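Structure, as structure tokens:
The values are calculated or read from the model by the stated rules, or taken from the named source; none is laboratory data. The structure presented is a predicted model; accordingly, all values stated were derived computationally and were not measured. With ideal geometry, Cβ positions are generated from the backbone for all residues, glycine too; neighbour counts draw on all protein chains shown. These area figures cover heavy atoms from the full protein model, side chains too; ligands, DNA and RNA do not enter into them. Shrake-Rupley method; radii C 1.70, N 1.55, O 1.52, S 1.80 Å.
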Amino acid sequence: MTEPGVLYVVATPIGNLGDLSARAREVLARASVIAAEDTRHSGRLLQELGLERPLLSLHEHNERARAAELVERLRSGQDVALISDAGTPLVSDPGYQLLQAALAAGVTVSPVPGPCAAIAALSVAGLPGDRFCFEGFLPQRAAARRRRIAELAGETRTLILYEAPHRIAASLADLAAVLGAGRHACVARELTKQFESFYRGSLGELAELAVGDANLRRGESVIIVAGAAAEPVDPAGLDATLGVLLRYLPPSVAAQAAAEITGSSRNEAYARALALAAPVPDDSA
Ligand code: SAM
């Protein structure tokens, strides 16, 4: 019987070609086929590496069908390398369905670790890296994004977020409004590339900078945000916190977030939220 092949999950550079590991190059050079998110993009990478291997596209729209095809190849003894456009496959990138199908078929899967924007940013952000929470992309729509941020308000681990250039200013503004303008953060931009830069400061400062400094809105960025303080904040700040949150969120969600931010009880926060959200009686008549 033919020995099945191995599915290698291979990390590729997030900007600097020098970050491709020697083992990644070796695995790519030997693979029977390379499954890539965008074959044109990865074709250029292989060309720059001087490698010539068959490429098959595997992206969110064809992954299920492609996974079945690739598992057949693996079963017949071919080694498959999975890569994405940049960084580590499956980290906010395609590959999950293929991995599931390979595991279900009893195929050996093996990682070839390397670049990942989240980890690269965390390693220099200046915020605790011993415990962190990778959130990937926030929702694109403003209301859903604010709701998600409110759900994260009590998270004490360092938060790692990916963001697209055209949404970075809006996301920083929402993070400042919901988590508090004073929370420390870092925007890591264009990692490993020519214009690599880091913006460190409070969320309020970074949100302002994102409006005034066009460079911050250019290229690719990771946002790293300090976790919520483990110590409860002064409960006297409950009304002030709710005052901001209620501008963006319904009372129940605002109360939940405010309770986590200030250390108040949920019941107390909800009662205050209802009181603050109630229309002020018009006594001018
Ligand atoms: N799988 C990739 C990884 O391992 O980092 C992430 C892919 S995800 C679709 C793309 C997002 O990663 C970008 O929107 C940005 O937030 C982040 N990113 C990728 N490359 C980056 C870079 N060179 N500098 C900063 N952020 C980067």
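In table form, for the structure just shown:
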item: Share of carbon and sulfur in the accessible heavy-atom surface of the chain [1.4 Å probe, %]; result: 51 percent
item: Positive-end residue of ALA259, VAL27, PRO113, charge dipole of the chain with Cβ unit charges; result: VAL27
item: Whole-number accessible area per residue in Å² for the chain, which is evaluated in the context of all protein chains at 1.4 Å; result: 50 Å²
item: Positive-pole candidate from GLY95, THR2, ALA67, dipole of the chain, charges at beta carbon; result: THR2
item: DSSP bridge pairs, the chain: antiparallel proportion in percent, nearest 5; result: 45 percent
item: Convex hull volume of the chain per residue (C-alpha atoms, cubic angstrom); result: 165 Å³
item: Relative contact order [Cα under 8 Å, 6+ residues apart], segment 6-115, whole percent; result: 45 percent
item: Rounded D (µm²/s) - segment 118-225, Kirkwood Rh over Cα pairs, Stokes-Einstein at 10 °C, 1.306 mPa s; result: 118 µm²/s
item: Mean separation of Cα contacts under 8 Å, 6 or more apart, over the residue count of segment 120-279: relative contact order %; result: 25 percent
item: Relative contact order of the chain, defined on C-alpha pairs under 8 angstrom at six or more residues apart (%); result: 17 percent
item: Two-decimal ratio, segment 1-158, of alpha-carbon radius of gyration to 2.2 N^0.38 Å; result: 1.16
item: Ranked packing of 118-127, 87-96, 45-54, most packed first, by mean Cβ within 10 Å; result: 87-96, 118-127, 45-54
item: Net charge of Cβ neighbours under 14 Å - reference GLY43; Lys, Arg +1; Asp, Glu -1; result: -2
item: Gyration tensor (Cα) of segment 71-112, equivalent ellipsoid semi-axes in angstrom; result: 19, 11, 8
item: Estimated distance in nm for a label pair at ARG247 and VAL109, the labels positioned 7 Å out from Cα along Cα-to-Cβ; result: 4.4 nm
item: Value of [θ]222 nm, deg cm²/dmol, for the chain, DSSP H segments ≥ 4, -39500 (n - 2.57) each, nearest 500; result: -12000 deg cm²/dmol
item: Computed FRET value (nearest 0.05) for ALA65 with ARG141, which takes r as the C-beta separation and R₀ as 25 Å; result: 0.25
item: Values of log10 I(q)/I(0), in the order q = 0.20 Å⁻¹, for segment 235-277 under a Debye, Cα-only, solvent-free model; result: -0.41
item: Total formal charge among the other residues, if their Cβ is under 12 angstrom from that of VAL187, Lys/Arg +1 and Asp/Glu -1; result: -2
item: Positive minus negative residues near ALA259 (Lys, Arg vs Asp, Glu; Cβ under 11 Å); result: 0
item: About the Cα centre, charge dipole magnitude for the chain (Lys/Arg +1, Asp/Glu -1 at Cβ), debye; result: 400 debye
